[in-house]
Amino acid sequence: MNPADTTAKPSSLTHAPSPIGRGKFCEVSLTLPSLLWLLFFFAVPAAMVFAIAFKTADSSGGIGSSWTLETIVEVFNFNYARIMWRTVWVSFAVTAICLLLAVPVGYWISRQDKKYKNWLLLLVVIPLWTNFLIRIFAWRLLLHPDGIIRTALVSIGIIPEDVFLLNNMTAVIIVSVYTHLSFAILPIYAASERFDFSLLEAARDLGAGRFRAFCLIYLPGIKRGIITAFLIVFIPALGSYAIPDLVGGIDCELLGNKIAFRAMANRNLPEAAAISVVLACMIAIPFIAFVFGGGRKRADGGARAETEAISRQ
Amino acid sequence: MSDFFELVNVDKSFGEHHVVKDVCISAKCGEVFSLLGPSGCGKTTILRIAGGFETPDSGSVWLDGKDVTALSPNKRKVNTVFQNYALFPHMTIWDNVAFGPRIAGMKEAEVKKQVGEMLEIVRMSAHADKRPDQISGGQKQRVAIVRALINYPKLLLLDEPLAALDLKLRQYMLLELDRIHDVFGTTFIYVTHDQNEAMSLSDHIAVMNDGRIEQVGTPAEIYENPATKFVASFIGDTNLFDATVSGIIDSEYMRVDIAGLGEFCAFNEHKFPAGSKITLSIRPERFRIFADKPSPMDRQNFIKGKIIDIIYQGAQTRYWVEVNGMRINVLQQHNRCYLDQKQPTWNDEIWIAWHRDDVTTLPKTRD
Ligand SMILES: Nc1ncnc2c1ncn2[C@@H]1O[C@H](COP(=O)(O)OP(=O)(O)O)[C@@H](O)[C@H]1O
Ligand SMILES: [Mg+2]
């Protein structure tokens, strides 16, 4: 506030904080709680994990006092590389299958009559009401060699007698897809709900067949939903350990299992922390690439497009 | 010349809701044919049937001598300018216009040439690299039109293309549309609820009400000779009077008794016999105002009334004249002859006169 203003205004007004000052105060006071929350429950633990990765282990299962790079170097040995590769491809496979299923489902639900939409969404989230572990155990029953799914498939002849569905990678992928599917459907449905379906008619009008209109107009139109769904499935899939543990076989160990094993069975916290740091980097690098990639695109799309995009979120 | 585009006995219901009722229209090659009617009367539905987005429950759609009723939208040589433009938001203006040719498999060099020409025609070349949310409504409109026309459709469907624009822009785009129609010579089916748009652009107008076609004709025919009460009141302002034919004067004229006003002469276009219940329509601009009782004039009717409201409109003044409790809408052009007279004011007792040929008679069958 410049001094000329202050003198010109009635005294009662000069006591009031300037609009700019008040705005800043509001902003800070509104974001402070969530900032503190993030600081204490996310930043501090993450920093601790990061720090522990560079500590020595002590024999009683605690953390030693000196620093070392050995543990993190250890993570890059051949054995871990295999598991890391496996973790990445399984996560990609699960994410891809989830998206392939979620896109048509999200599209379909958003095209239904208003009356049914909420019921259909309810069906999507109902599985989440049951404990995650219990649902995995339920899948153990379903996929069991004598369970209904395998016996049915074998009896119709879809799979041969010697194919098993439990305790192998197939089981891990089936159950992972099942667990994450709801989370993939929701953002895609939300994006689809905002999508202007008259654009599909416009594409058809201009000569595109149904499939081309879907690929050229609908998929780019719900891009944000697809990206969200991708992240929301891919990131937890990278860190999953309960599913491979319960329905996977000997060759199904993922990075998450290694971390759990080091932390709980071996009581070697630095090693668990080191694997976690590597895993976190694996998640963070594509994420940062996405954020920066998106940022660059927005810059040339102009300020107006950016505000539009933001207000649409 | 045979008709180029035809809807034959088209019917369409959504559930219980009968939206299009036995509609027949036919447009000639190269003309602008308008569907004019109030909102909700089924115009968009008819356009969607023409574009292939809805299938009629019964009836057929003919284009250039072929029955296209069952053809899907991408197989019809018909393109649409949607009411909300429906430009693809993730594509540049250039890519939007190039969409049709690319889908059709045109070589990229040829696409480039054609898109360039099209954008030139609507003066949008400078905005080719922008996205739809970075250009104005009028510009979107022009892009939507060339995006459709670049496919050289046999028929261009336009759904209230100017409805979203403000008045000035609307007037400009109306001229622009006329020019584009001249450049391409494509047959336009133009949907609007705005009679001025329809009047100034169309070769023929079909006036719709509640799913039915009330009248088809040239703008002048529809204005001068409305076939129904609805058309008379929807197209321009008019005064409608319930009347009874009280006598036949000769082969051309009759005496009519307007309830509450008295007996007058009118042109008996439809040869109503005495005793018929009819509706009369007299346009406000057909009345003339006199301060004193005019001396009996040839073929004129006149009646005494009181001015109860005056609305100055620049080029003209609108008077509301009360006669026996009835309000009559009278419009006087501000020509020199009129301005030189003493201007009537509120509560003045005046006389209004009209020629017997200026009365349009409507059968009192349908409202
Ligand atoms: N897909 C639909 N389902 C149900 N009713 C519809 C549908 N499309 C249009 N209608 C109804 O049909 C009537 C005519 O609509 P429309 O053709 O859009 O009229 P206009 O374009 O003349 O305003 C409206 O009452 C509208 O509610
Ligand atoms: Mg409409």
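Values for this structure:
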| item | result |
| --- | --- |
| Of residues in the stretch B:153-185 being away from ligand 2 (no atom under 16 Å from the Cβ), out of contact with any His (no Cβ under 9 Å at 6 or more places or on another chain) and touching a residue at least 40 places away in the same chain (Cβ under 8 Å), the one nearest to B:N74 (Cα to Cα) | B:P153 |
| Pick from the stretch A:50-93, criterion under 14 Å from A:A280 (Cα atoms) and surrounded by fewer than 17 Cβ atoms within 10 Å (Cβ to Cβ), ranking: nearest to the chain's Cα centre (by Cα) | A:V88 |
| Breaking point among (1) out of contact with any Gly (no Cβ under 6 Å at 6 or more places or on another chain); (2) within 14 Å of chain A (Cβ to nearest Cβ); (3) within 14 Å of ligand 2 (Cβ to nearest atom), for B:T80 | (1) |
| Residues within the stretch A:245-287 that are of a type in the set (D, E, K, R) and surrounded by fewer than 18 Cβ atoms within 10 Å (Cβ to Cβ), tallied | 3 |
| Subset of the stretch B:5-45 [of a type in the set (D, E, K, R), part of a loop (DSSP other than H, G, I, E, B) and touching a residue at least 40 places away in the same chain (Cβ under 8 Å)] | B:K28, B:E31 |
| Residues satisfying the stated conditions in the stretch B:257-307, i.e. assigned to a strand (DSSP E or B) and free of Cβ contacts under 8 Å to residues at least 60 places away in the same chain | B:D257, B:I258, B:G262, B:E263, B:Q300, B:N301, B:F302, B:I303, B:K304, B:G305, B:K306, B:I307 |
| Unique residue being without any contact (Cβ under 8 Å) to a residue 60 or more places away in the chain and within 14 Å of chain B (Cβ to nearest Cβ) when the list is A:A152, A:A202, A:A191 | A:A202 |
| Condition met for A:Y218 (under 27 Å from the mean Cα position of the chain (by Cα) and closer than 30 Å to B:L149 by Cα) | yes |
| Residue match in the stretch A:216-232 (condition: away from chain B (no Cβ under 14 Å), farther than 18 Å from A:Y107 by Cα, aromatic (F, W, Y) and part of a helix (DSSP H, G or I)) | no |
| Selected residue (criterion: farthest from ligand 1 (Cβ to nearest atom)) from residues of the stretch B:180-229 that are aromatic (F, W, Y) and in a strand (DSSP E or B) | B:F188 |
| Filter result for B:Q139 (in contact with a His (Cβ under 8 Å, 6 or more places away or on another chain), closer than 26 Å to B:L175 by Cα, more than 8 Å from chain A (Cβ to nearest Cβ) and not in a loop (DSSP other than H, G, I, E, B)) | yes |
| Residue match in the stretch B:26-35 (condition: within 16 Å of ligand 2 (Cβ to nearest atom) and closer than 30 Å to B:Q139 by Cβ) | yes |
| Checklist (1) within 16 Å of ligand 2 (Cβ to nearest atom); (2) surrounded by fewer than 20 Cβ atoms within 10 Å (Cβ to Cβ); (3) of a type outside the set (G, A, S); (4) within 22 Å of B:T187 (Cα to Cα) applied to B:F14, failing item | (4) |
| Where A:D196 falls short, out of the listed (1) surrounded by 18 or more Cβ atoms within 10 Å (Cβ to Cβ); (2) within 13 Å of chain B (Cβ to nearest Cβ); (3) not in a helix (DSSP H, G or I) | (1) |
| Test: residue in the stretch B:122-134 that is within 25 Å of A:A208 (Cα to Cα), crowded, with 19+ Cβ neighbours inside 10 Å, away from chain A (no Cβ under 14 Å) and within 16 Å of ligand 2 (Cβ to nearest atom) | no |
| Filtered residue count, the stretch B:36-54, keeping only those that are under 19 Å from B:V231 (Cβ atoms) and either surrounded by fewer than 19 Cβ atoms within 10 Å (Cβ to Cβ) or more than 8 Å from ligand 1 (Cβ to nearest atom) (or both) | 4 |
| Residue within the stretch B:192-202 that is within 24 Å of B:S39 (Cβ to Cβ), surrounded by 18 or more Cβ atoms within 10 Å (Cβ to Cβ) and within 14 Å of another protein chain (Cβ to nearest Cβ) present | no |
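One line per residue, one yes/no per condition, for (1) under 18 Å from B:I180 (Cβ atoms); (2) over 26 Å from the mean Cα position of the chain (by Cα); (3) more than 9 Å from every other protein chain (Cβ to nearest Cβ):
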position: B:S72; (1), (2), (3): no, yes, no
position: B:R76; (1), (2), (3): no, yes, no
position: B:H90; (1), (2), (3): no, yes, no
position: B:V97; (1), (2), (3): yes, yes, yes
position: B:M106; (1), (2), (3): no, yes, yes
position: B:E110; (1), (2), (3): no, yes, yes
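Residue by residue, here is whether (1) of a type in the set (A, V, I, L, M); (2) closer than 22 Å to A:S198 by Cβ holds:
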| position | (1), (2) |
| --- | --- |
| B:N9 | no, no |
| B:L35 | yes, yes |
| B:R48 | no, yes |
| B:T69 | no, no |
| B:V78 | yes, yes |
| B:V81 | yes, yes |
| B:D95 | no, yes |
| B:K107 | no, no |
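Each reported figure results from applying straightforward, stated rules to the coordinates on display, with no laboratory input. Model, not experiment: these values are computed from the prediction. Note that we place each Cβ from the backbone using ideal geometry, even for glycine, and neighbour counts take in every protein chain shown.
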